[in-house]
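I have placed the structure first, in the form of structure tokens, so that the comments after it can refer back to it.
The values are calculated or read from the model by the stated rules, or taken from the named source; none is laboratory data. Remember, predicted model here, so these are calculated numbers, not experimental data. We place every Cβ from the backbone using ideal geometry, glycine too, and count neighbours over all the protein chains shown. Accessible surface is based on the protein model in full, side chains and every heavy atom, while ligands, DNA and RNA are left aside. Shrake-Rupley method; radii C 1.70, N 1.55, O 1.52, S 1.80 Å.
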Protein chains: 2
Amino acid sequence: MRPTEKPFTLTAQKVSCGRCCLRELCAPVEVTPEQEELLHALVRQQHLNIRRGEHLYHAGMPFHSLFAIHTGSFKTYMLADNGRERVEGFYLSGDMLGMDGISGDTYTLSAMALEDTGVCVLPFQRLEEITRELPLQRQFHRMMSREINRDKGIMMMLGQMTADERLAVFLLNLSQRYEARGFSATEFTLKMSRQDIANYLGLKAETVSRLLSRFQDDGLLTISGKSVRLADLNQLRGVLGFGDGIYFDQLP
Amino acid sequence: MRPTEKPFTLTAQKVSCGRCCLRELCAPVEVTPEQEELLHALVRQQHLNIRRGEHLYHAGMPFHSLFAIHTGSFKTYMLADNGRERVEGFYLSGDMLGMDGISGDTYTLSAMALEDTGVCVLPFQRLEEITRELPLQRQFHRMMSREINRDKGIMMMLGQMTADERLAVFLLNLSQRYEARGFSATEFTLKMSRQDIANYLGLKAETVSRLLSRFQDDGLLTISGKSVRLADLNQLRGVLGFGDGIYFDQLP
DNA sequence: GCGAAAAAATGACTTAGGTCAAGAGGCTCT
DNA sequence: AGAGCCTCTTGACCTAAGTCATTTTTTCGC
């Protein structure tokens, strides 16, 4: 999986840090070069590399920072008292992670890397200061609200959709997000296990397996292990019987 | 349904506006009298009375304000393209409404009054200014994050819980929220229809009806129309088979 | 306070998705 | 490279919750 678009020059790479790590935060905002430098300074401050299967943070850990995913992907999940796990979301490069921690002193979710990853650490206090100084406060609030609306979309799904609708929404959403990152919208790798997908969708792994096979039989997609090729996006949208998109308010 | 605690004096009533409308925002923060006056000015600016069944805002309407519920309660819901409705939440007095609108220029949900209500209008731009000036920015972020975590809780529920667990969580959550507002934790009125409860919980109205009857047969509660009396909170918690509380991170 | 209309309760029956079990690939670690 | 362990797939069967239909209760407009 690699970008289908222009490769980065060295200068572009530097810019890409603002555009990539923090793109969710400052996407459509105009900042002066000095302000941009301020942001870069924040981002550059601390990088982390988390290996596949390792945690970026655990539920209950003291909250100090948000994280911008530079490369790789994460799942977030919570563990109920009785041990039931619930996968809350999948986060790709450019997504912001850790907003669950803002409301308290600790994170409420755990974040596990689905592959080897690189993240930028954004000390929250400093970030609050910067968003206050730069014209980013509104942007920051938008970002949080987007997270709220994303969750509303998932609730819609979990509350009302059938199993095949859920899987279709999931695939279309991934497709859309990869596309927004310059990757192919129709061919990508599922970094997460069937079990994780199922859990996220409120289903069982067997059901996801069966549905993937059925979608393949119906010519909607080709799947082999973790690699999917969406053969017919429109037909896949057809599974929903109506427009999609509202379900996962993603980046503008 | 009336507060079980001390009645308000006139002065208390004035204070109560900060404590009631905005309690979610500034609950544990110490503000100077002048700052408090600033807040009150914001709150006093515009009041609305919305009658049962009327809307406070519709999905798609331009976003300008948040709303603090002074008295009464609302449901928020979204309508999918195909007409399916999804109830997203129930909001009681003191709750903040409208955060779904922050991420865009319009509200993404609709908010309908479940009874005759009074709300304070909080122009968002002005609110952002105030939270920046007063030491409330962090509080405001907390409030938004709480909304995020609340949704995570609902997702947990919709994704993994059985019908009776869902209903038990729902009732316990309401109980807790009424208690936090000074009402009885065990006797209250369901302002919303069975249909709304069912929709919110990802069930069908018939299932909710049957479960309420079964809970009554099992001695967990007494229900008559819209009035519930939770007879045995612990037994109700027992339906969950484990601790509750994490599912609906409410006010501190 | 009355009658129409909506909401709620209840019963009979159906079904989508879960459960359990067994086999097939496909990674990882030496 | 090969053993062992996951993860995935597939089949057979089961059950929780949904659907549909009917009755009862509540609500609301006049």
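Points to keep in mind about this one:
- Chains A and B together bury roughly 4500 Å² of accessible surface, counting both sides and using a 1.4 Å probe on protein heavy atoms.
- With a 10 Å cut-off around each Cβ of B:138-150, the average count of Cβ atoms from other chains is 6.
- Counting Cβ atoms of other protein chains within 10 Å of each residue's Cβ and taking the mean over peptide A:102-111 gives 4.
- Listed values for segment A:153-165 are Karplus-derived 3J(HN,Hα) couplings in whole Hz (6.51 cos²θ - 1.76 cosθ + 1.60, θ = phi - 60°), namely x, 5, 4, 3, 5, 5, x, 10, 8, 6, 4, 6, 4, and x replaces Gly and Pro.
- Per residue, in Å², the accessible surface of segment A:63-207 once ligands and nucleic acids are set aside, probe 1.4 Å: 27
- Cα-Cα over 21 Å, subset of B:Lys152/B:Lys226; A:Lys152/A:Lys226; A:Lys75/A:Lys226: B:Lys152/B:Lys226; A:Lys152/A:Lys226
- Segment B:161-248: C-alpha gyration tensor shape, a/c 1.5 cut-off, then a/b vs b/c: rounded
- Extension reserve of the A:Glu54-A:Gln195 stretch, reckoned as 0.36 nm per residue once the Cα distance is removed: 49.0 nm
- Per residue of B:155-166, other chain Cβ atoms within 10 Å of the residue Cβ number 5 on average.
- Teacher prompt: B:Pro123 distances to equivalent labels in other copies, 7 Å Cα→Cβ, nm: 3.7
- Within the shell of other residues whose beta carbon sits under 15 angstrom from the beta carbon of A:His55, the net charge comes to -4, with Lys and Arg scored +1 and Asp and Glu -1.
- For A:Lys204, the aspartates and glutamates whose Cα falls under 17 Å of its own Cα, not counting residues fewer than eight places away in the same chain, are A:Glu85, A:Glu88, A:Asp164, A:Glu165, A:Asp196.
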